[in-house]
Every structure is written in structure tokens, then in C-alpha cells.
Amino acid sequence: DVKVTQSSRYLVKRTGEKVFLECVQDMDHENMFWYRQDPGLGLRLIYFSYDVKMKEKGDIPEGYSVSREKKERFSLILESASTNQTSMYLCASRRFMAGGSYNEQFFGPGTRLTVL
Amino acid sequence: RKEVEQDPGPFNVPEGATVAFNCTYSNSASQSFFWYRQDCRKEPKLLMSVYSSGNEDGRFTAQLNRASQYISLLIRDSKLSDSATYLCVVNQNTGFQKLVFGTGTRLLVSP
């Protein structure tokens, strides 16, 4: 049974705090992703990683950074949390896809972050 | 213009009804298409892929119209358990295979 886990389901932080969101997958997937999901805006890609130590900016990377030191773990870092980063954060992983192919993307349960 | 557009709904239907959702996408170079299902407070999960020839999985039928750049999902004989948000997803084949998600269409099936 495939599994993507996230370190917290709910998190409350204060403005200016450094926040770490952890994601672990047990499927030996190469690609990992961080999204945020907001009402009316859908899922938006923050950062993704092709493989270990590799990272690429997604559509909304401002205010975030990531780390991928091990294949199974992809961390999202909010350097200085702000109230507009209050959101649902979803991690996902999938096996590497060659051109023209598709592999299913599996999501973690999400972390609902509130920044006060 | 959004890359993937969906009617947010909600679509309120009685059990046993047939309901259809449409989705339009803006990038004509998009290669593959999917429907994901997301239950309340849960993560999205793949429901089905959408093939050019159309495909069916039980009560669910997906269609793709490349000329008009829209995708549809038809649900027959709706069940209470079909209540969820249905996300239209497009794979942009631009080097890295990046999924673009619609905002979702909410379906409520009532007894």
C-alpha cells in the first residue's frame, strides 16, 4: 500500500516564525512536490524535486524554500511565516516519468497551517 | 485566463441521477488528462485518466475533445458516496511532466 505521510495534520504558528513541514514517502519515488490549496484557487505548485538534492521552483515559490537530502523525504520551509501563508499544504510523490508516459501522483493527507 | 477551468458548483443531485461535469483547458499542447476526486478534508486521489477515444470505468465515463479543449466526466446512477469535489487535471508536457489542477467541482448527492 503506497504511502505519503506528512509530519503534522494541524499546525499553528506566529508571524515571523520559521516553519518546517516534513513529507516522507515509502515508494522509492524520484519526484516529489509541495502544493498549497486555497478555496477558489485550487492546488498551486510551490516547489518540486526531480530527485535527491534537486529542486525546482513551481508557480508560487516566494516565501518558501525546500530541502531534499534523502530520496524519501522532502521538506518545505517557511523562512518567516506570514498570515498570507495560512493554507492547506499538500505533499505528493510519483515515480519518474519519461516523455509521453504518465505515473500516478500520490498525495499526503495535508497539513493545515494557520499563521497568527 | 486560468489554465484549467471548472464550474465550482455545487451540483446537488438525488441518488440515482446522472450528472456531468465539464472542464476546459487553455494549453493546446497538453498531452494527458485526468480526473481526481477529493473528499472533504482529505487528499486528492486519482479517479481516472481521460483518453482521446473516451473511457469508462463502471458508472464513470470520461471524454476528451481536443478540438474544443474540454474534458468531461459523466457519473451515472449517483450514489451518496459520490459526494466529493472532482478535480480536472491536465498534464503539461513541457519537459518536466507538470500537473495543472482545476479548482474543482463539488458534487452533493442526497437521499
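Remarks
- If you go through the stretch A:1-56 and pick out every residue that is within 12 Å of chain B (Cβ to nearest Cβ), over 14 Å from B:GLU43 (Cβ atoms) and aliphatic (A, V, I, L, M), you end up with 3.
- Some residue of the stretch A:3-26 being farther than 21 Å from B:CYS40 by Cα, surrounded by fewer than 16 Cβ atoms within 10 Å (Cβ to Cβ), free of Cβ contacts under 8 Å to residues at least 60 places away in the same chain and among the basic types (Lys, Arg): no
- Identification of strands (runs of 3 or more DSSP E) wholly contained in the stretch B:1-76 with 3 or more residues that are within 13 Å of chain A (Cβ to nearest Cβ) yields B:4-6, B:32-38, B:44-50.
- From the options B:THR103, B:THR85, residue that is among the hydroxyl-bearing types (Ser, Thr, Tyr), within 14 Å of chain A (Cβ to nearest Cβ), under 16 Å from B:PRO8 (Cβ atoms) and part of a strand (DSSP E or B): B:THR85
- For B:THR94, the conditions (1) modelled with pLDDT under 95; (2) under 20 Å from B:ASP7 (Cβ atoms); (3) more than 9 Å from every other protein chain (Cβ to nearest Cβ) all hold with the exception of (2).
- One residue stands out among those in the stretch A:76-93 that are within 24 Å of A:LYS3 (Cα to Cα) and crowded, with 21+ Cβ neighbours inside 10 Å: the one that is farthest from the chain's Cα centre (by Cα), which is A:SER93.
- Taking the stretch A:1-29 as the range and being touching a Phe, Trp or Tyr at 6+ places or on another chain (Cβ under 6 Å) and assigned to a loop (DSSP other than H, G, I, E, B) as the test, only A:VAL2 passes.
The values are calculated or read from the model by the stated rules, or taken from the named source; none is laboratory data. Please read all numbers here as calculations on a predicted model, not as lab measurements. Cβ: placed from backbone, ideal geometry, glycine included. Neighbour counts: every protein chain shown.
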